[in-house]
Every structure is written in structure tokens, then in C-alpha cells.
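To keep things clear, I will list the structure first and then write my remarks on it.
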Amino acid sequence: MKKIIALGGSNSKNSINKTLAVYVAKQLENTETLVIDLNDFDIPLYGIDIETTDGIPTEAVRLSEQFSLADGFVVSLAEHNGSYAAAFKSAYDWLSRINPKVWNNKPMLLMATSPGGRGGTGVLQGAKSTFSRMGANLIADFSLPSFYDNFSKNDISNKELKEDLIDKINKFKNEI
């Protein structure tokens with residue numbers, strides 16, 4: 001059975017990006033989903049001084065080990081001021097010190113959502129331009145704007161957005 005990591009790139013306890021990632025992962029039949037919550041990893045803010053003095057945190061190593069077990073990634077990124085959330089960026093930086101190909105050349109469905117109408121397109125654009133260099137095999141990307149208007153009762157309520165996402169899920173499914 002294929003193992004999929006569902007990751008919401010936020011440390012919000014009520015992360016809408018985690019909700020979206022888990023929702024999508026549940027659409028994949030015959031897979032086992034490992035939900036990664038950044039709150040479960042006590043990783044300090046990345047800094048070369050910390051790395052030089054203390055080495056790489058054991059929690060970052062543990063997260064990297066989880067990544068190495070995955071056959072694919074469903075990642076939905078929170079957008080803070082047009083970029084990654086600080087918790088995700090710091091974990092990502094530590095992971096890249098362990099393995100420059102953070103995503104292990106595995107298939108990825110990359111997403112973002114937000115309460116606003118842009119749906120995290122700023123962070124999505126940034127991730128699309130860098131994740132491939134960091135070992136992501138980007139199969140498809142998806143933005144869900146206005147999360148609270150378009151997602152209810154554990155489903156996407158907007159028909160056009162749902163059809164678009166289903167198409168992208170199917171592309172991802174074919175690659176894992």
C-alpha cells in the first residue's frame with residue numbers, strides 16, 4: 001500500500017490548509033495517509049548559529065525520516081504576507097540541511113487555500129518555483145480561494161473548483 005503524507009504548511013491548530021490536505025489525501029484509494037502536523041515537531045527557528053552550536057535538532061531529523069517513508073506528498077501551504085508561514089519555512093530550512101532533496105523526488109500535489117479570494121496564490125507561486133529544485137516531482141497544483149465559502153461539511157461546495165481538484169487528484173493518483 002502506498003504511503004501518502006498530508007501536510008498543512010501552518011502551525012495553526014485549526015489550519016484550513018491541513019483540512020484541505022487531509023481531505024484530498026482521503027480521496028486517494030488504496031493508500032495509507034500520514035498526517036503531518038508541524039505542532040508535533042519541536043523545531044526551533046532555523047539559524048546557522050544554532051546548527052553550528054547544537055547541530056541539527058532531533059525533531060527535524062524525525063520529520064525528515066517521516067518524509068523518507070512517503071510515496072507521495074499532498075501539501076497545502078498557508079500564506080503569510082505572500083509567502084510561507086514561519087513554522088513551515090523554518091522546518092523546511094532544517095529539512096534542507098539534512099537532505100537537499102527534501103521531497104525525495106516523490107510525486108506531489110501542491111495546494112494552497114486561504115479565507116480570501118486569492119486562495120494563497122502568492123505562496124503557491126513561490127513554492128512552484130522552488131520545490132522542484134528541492135526534490136518535489138510536482139504533478140499538479142491547486143488553489144482554493146475563499147475557503148469558508150467553498151468548503152463545507154468536509155467537501156468542496158463549488159462545483160467547478162471540485163471538478164478541477166478531482167482532475168488534479170486523478171493525475172496525482174496515476175503517478176504514485
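The values are calculated or read from the model by the stated rules, or taken from the named source; none is laboratory data. In this text, all values refer to a predicted model and were calculated from it rather than measured experimentally. In this analysis, Cβ positions are derived from the backbone assuming ideal geometry, glycine residues included, and neighbour counts consider all displayed protein chains.
Regarding residue 143, is this residue among the hydroxyl-bearing types (Ser, Thr, Tyr), closer than 30 Å to residue 47 by Cα and touching a residue at least 24 places away in the same chain (Cβ under 8 Å)? For residue 143, the condition - among the hydroxyl-bearing types (Ser, Thr, Tyr), closer than 30 Å to residue 47 by Cα and touching a residue at least 24 places away in the same chain (Cβ under 8 Å) - is not met.
Exactly one residue out of 23, 46 is among the aromatic types (Phe, Trp, Tyr), at pLDDT 95 or above, in a loop (DSSP other than H, G, I, E, B) and surrounded by 17 or more Cβ atoms within 10 Å (Cβ to Cβ): that is 46. Of all positions in the range 88-96, none carries a residue that is touching a Gly at 6+ places or on another chain (Cβ under 7 Å), without any contact (Cβ under 8 Å) to a residue 60 or more places away in the chain, within 30 Å of residue 152 (Cα to Cα) and not hydrophobic (A, V, I, L, M, F, W, C).
Taken over the range 33-43, the criterion of being part of a helix (DSSP H, G or I) and loosely packed, with under 15 Cβ neighbours inside 10 Å is satisfied by 39, 40. Filtering 59, 65, 79 for residues that are free of Cβ contacts under 8 Å to residues at least 60 places away in the same chain and loosely packed, with under 15 Cβ neighbours inside 10 Å leaves a single hit, 65.
If the condition is being buried (at least 22 other Cβ atoms within 10 Å of the Cβ), farther than 20 Å from residue 16 by Cβ, aromatic (Phe, Trp, Tyr) and under 12 Å from the mean Cα position of the chain (by Cα), then the range 86-142 contributes only 103. For the range 2-39, filtering for residues that are more than 25 Å from residue 146 (Cα to Cα) and touching a helix residue (DSSP H, G or I) at 6+ places or on another chain (Cβ under 9 Å) leaves 5.
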